[in-house]
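The structure appears below as structure tokens.
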Ligand SMILES: C[S@@+](CC[C@H](N)C(=O)[O-])C[C@H]1O[C@@H](n2cnc3c(N)ncnc32)[C@H](O)[C@@H]1O
């Protein structure tokens with residue numbers, strides 16, 4: 001059988017995706033353990049793929065491919081323990097998200113390692129002074145207690161990372177310290193840092209997972225330890241495998257009367273009503289003002305959604321945007337002290353009174369750690385309104401990005417009356433949490449089950465994308481632009497992923513709408529929408545990668561006269577990567593009429609100089625942490641960043657406050673009505689710094705002009721007018737680009753910029769330099 005090149009690419013891509021997921025599946029415990037409970041039967045590869053997505057899609061990781069800290073460590077353990085010492089080049093074959101072409105890239109085989117180091121949360125975690133100080137206080141107290149009881153202090157540090165907690169123990173007078181680290185290259189770095197700080201004779205570093213440690217003569221530990229210090233928690237608390245780590249340690253590595261830092265953890269849940277928050281969960285109908293244009297199919301509207309955690313910086317969510325149905329309530333306690341067994345999975349049922357009339361949509365979750373045995377040192381991850389420090393604003397609590405808060409969406413909205421009794425069921429397994437709420441729940445088995453997406457949409461779309469599709473103002477702009485453009489003779493070609501807005505073009509009267517979608521799951525969703533909205537005669541859905549232009553042409557008797565895109569592509573991470581549709585248009589030139597209109601017709605790249613309040617910490621060198629030199633770690637991050645990373649990355653800036661120091665400035669304008677250019681597009685100019693603070697970054701975004709007069713512009717940048725020296729309010733449904741300066745630039749009058757768009761690779765590159773300094777009058 002002959003396989004067309006297009007088909008071959010699809011098969012290869014699917015296999016690549018499948019292999020990627022399967023590798024995850026086998027490497028990360030998280031995926032192995034949770035499967036039986038939530039997955040049911042898996043009949044085929046695509047079912048498995050779908051179910052894996054259902055259960056484990058995490059918004060941040062889904063688009064950014066940013067790995068969880070532990071995922072990162074465990075994967076690398078397999079991938080690098082035997083590879084890292086060799087240096088050889090490897091080719092990788094991947095689809096360029098912008099041009100859509102398969103490309104070979106050559107990297108040395110340390111590339112993955114450097115990429116993960118460069119993007120890991122290690123640096124941000126080590127900038128978390130409150131965390132560091134509280135670990136130090138609790139460790140010092142544990143060592144003192146052992147000594148006061150006439151015992152030596154034998155400390156085991158599980159997951160030492162840079163060696164920080166082990167060095168704290170050694171400095172506090174521990175009699176012996178063994179530090180283990182599963183991620184071997186980081187373990188090697190720990191050894192250097194420990195040496196640099198003069199503790200090489202006090203601390204033994206073992207490059208192993210704790211569950212592989214041996215105890216006894218000539219073993220990793222000469223005897224069991226009587227103090228355990230460890231920090232193996234993620235935003236969900238348990239997602240980094242804390243259960244296995246603690247239970248194994250108590251069984252095999254620790255004495256019975258040991259002290260554990262931290263000694264326990266408590267998980268809190270707050271049930272809320274919020275139309276704003278629920279926009280990240282369920283796809284709502286598309287409307288033109290009050291008129292319903294594209295309705296949501298019933299199975300999508302009634303789907304319980306995906307249980308996957310939605311991790312966000314909750315403190316940045318204004319309290320005006322939600323109403324509390326059940327105030328924060330402790331739902332689980334995890335005892336790490338060894339006095340009682342660490343629990344692997346359970347559900348708790350609490351009957352609580354509703355605080356008000358309303359509709360419960362979601363649960364906010366966070367946790368705190370009790371660091372010491374007396375319960376005096378508490379490390380809380382609560383948002384500011386629930387923080388034990390009685391904070392009045394997000395600025396009053398410590399900032400951290402390695403632990404955020406999480407949102408879990410309820411399987412269905414629940415109407416409540418003030419003082420009515422509600423049953424909150426909180427469940428966890430070894431690696432994740434989920435919640436259910438009901439009025440008069442009879443507590444059947446299904447009430448305890450983890451919700452599984454049955455409509456595919458929650459499994460396929462990121463939370464950000466669901467929010468974007470639900471953004472009424474954005475939809476309205478497309479509706480207005482369509483009304484000026486679409487008529488009964490319109491043959492539209494829609495290019496992009498999850499482009500539901502194309503169905504609105506059909507509803508507004510287009511003769512034919514041809515939708516080209518790259519994802520098989522998205523095609524199934526779109527076909528469901530087509531059927532539900534009675535658009536079968538007007539809308540045809542095609543597979544982008546197997547697009548056979550001859551067959552495509554047979555579906556239409558006339559050439560395409562409108563090519564439309566939001567633009568949105570699932571594989572795009574940075575705002576300008578959505579330019580893929582421009583390349584698609586070029587590829588399909590033969591089927592476009594001479595007068596074909598392109599929507600959007602222009603893409604404008606903007607930049608703005610800002611001062612980030614906290615985000616700079618993800619890139620800033622550590623220099624010194626709690627009195628320990630961290631030069632080796634800074635060098636490791638620096639080397640990795642230089643080898644693999646570019647200086648810009650995507651971030652949802654509404655979660656990371658910044659002040660505007662310049663006006664939004666046009667960096668490059670792309671005429672999408674024309675063909676993709678042959679040669680590089682360059683532009684240069686300057687950003688005038690009008691604000692008074694030191695500039696530590698540039699925010700980057702795209703505006704898409706839907707019509708030539710720019711009456712309808714969809715912006716992925718500021719949501720309101722920018723005022724110099726004021727906090728910027730960002731579009732919540734997009735990720736912006738961020739260029740961070742390693743050192744802030746004080747007193748700069750302007751920054752010069754150069755922007756280059758390379759049409760061959762589809763890449764955008766930037767350079768920003770301090771131009772001239774402000775003249776400061778002597779005092
Ligand atoms: C969050 S970091 C903490 C690093 C360091 N202890 C600190 O507090 O700065 C967790 C580290 O623990 C490692 N890790 C997690 N579970 C482990 C285990 N069971 N055994 C050894 N290392 C582990 C990870 O590779 C990661 O480097």
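Does segment 157-174 hold any residues that are over 32 Å from the mean Cα position of the chain (by Cα) and either within 12 Å of the ligand (Cβ to nearest atom) or part of a helix (DSSP H, G or I) (or both), and which are they?
Taking segment 157-174 and keeping what is over 32 Å from the mean Cα position of the chain (by Cα), we get 169-174.
Hits for segment 157-174 are 169, 170, 171.
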Which is under 30 Å from residue 731 (Cβ atoms), crowded, with 23+ Cβ neighbours inside 10 Å and modelled with pLDDT of 95 or more, of 300, 271, 309?
271
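Please pick out the residue among 360, 307 that is touching a strand residue (DSSP E or B) at 6+ places or on another chain (Cβ under 6 Å) and not in a strand (DSSP E or B). Before the answer, list the steps.
Values: 360 fails: not in a strand (DSSP E or B).
None of the other options fit; the residue is 307.
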Could you go through segment 240-248 and let me know if any residue there is within 11 Å of the ligand (Cβ to nearest atom) and either touching a strand residue (DSSP E or B) at 6+ places or on another chain (Cβ under 7 Å) or closer than 19 Å to residue 204 by Cα (or both).
yes
Scanning segment 249-259 residue by residue, those crowded, with 23+ Cβ neighbours inside 10 Å and either assigned to a strand (DSSP E or B) or more than 12 Å from the ligand (Cβ to nearest atom) (or both) turn out to be 254, 259
Given (1) closer than 27 Å to residue 403 by Cβ; (2) part of a helix (DSSP H, G or I); (3) more than 35 Å from the chain's Cα centre (by Cα), identify the lone condition not met by residue 132.
(3)
Inspect all residues belonging to segment 315-336 and state whether any of them is within 16 Å of the ligand (Cβ to nearest atom), modelled with pLDDT of 95 or more, under 17 Å from residue 430 (Cα atoms) and in a loop (DSSP other than H, G, I, E, B).
yes
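Considering each residue of segment 373-404, count those that are within 16 Å of the ligand (Cβ to nearest atom) and assigned to a loop (DSSP other than H, G, I, E, B), and give that number. Write out each step before concluding.
Of segment 373-404, the ones within 16 Å of the ligand (Cβ to nearest atom) are 377, 379, 381, 398, 400-404.
Among the residues that remain, those that are also assigned to a loop (DSSP other than H, G, I, E, B) are: 377, 381, 398, 400-404.
Selection size over segment 373-404: 8.
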Per-region count, segment 178-217, residues more than 12 Å from the ligand (Cβ to nearest atom) and in contact with a helix residue (DSSP H, G or I) (Cβ under 8 Å, 6 or more places away or on another chain):
9
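Conditions (1) surrounded by fewer than 24 Cβ atoms within 10 Å (Cβ to Cβ); (2) within 21 Å of residue 620 (Cα to Cα), marked per residue:
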site: 124; (1), (2): yes, yes
site: 130; (1), (2): yes, yes
site: 147; (1), (2): yes, no
site: 169; (1), (2): no, no
site: 188; (1), (2): yes, no
site: 191; (1), (2): yes, no
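Applying the selection to segment 442-465, what residues are touching a strand residue (DSSP E or B) at 6+ places or on another chain (Cβ under 8 Å) and part of a helix (DSSP H, G or I)? Working first, answer last.
As a first pass, look at segment 442-465 and keep what is touching a strand residue (DSSP E or B) at 6+ places or on another chain (Cβ under 8 Å): 443, 447-448, 450-451, 463.
Within segment 442-465, 447, 448, 463 qualify.
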Determine whether residue 228 is touching a helix residue (DSSP H, G or I) at 6+ places or on another chain (Cβ under 7 Å), closer than 25 Å to residue 152 by Cα and within 12 Å of the ligand (Cβ to nearest atom).
yes
Assess whether residue 517 counts as being buried (at least 22 other Cβ atoms within 10 Å of the Cβ), closer than 21 Å to residue 99 by Cα and at pLDDT below 95.
yes
Residue check, residue 271 within 16 Å of the ligand (Cβ to nearest atom) and over 19 Å from residue 468 (Cα atoms)
no
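The values are calculated or read from the model by the stated rules, or taken from the named source; none is laboratory data. Model, not experiment: these values are computed from the prediction. Positions of Cβ are generated from backbone atoms using ideal geometry, with glycine treated the same way; all protein chains shown enter the neighbour counts.
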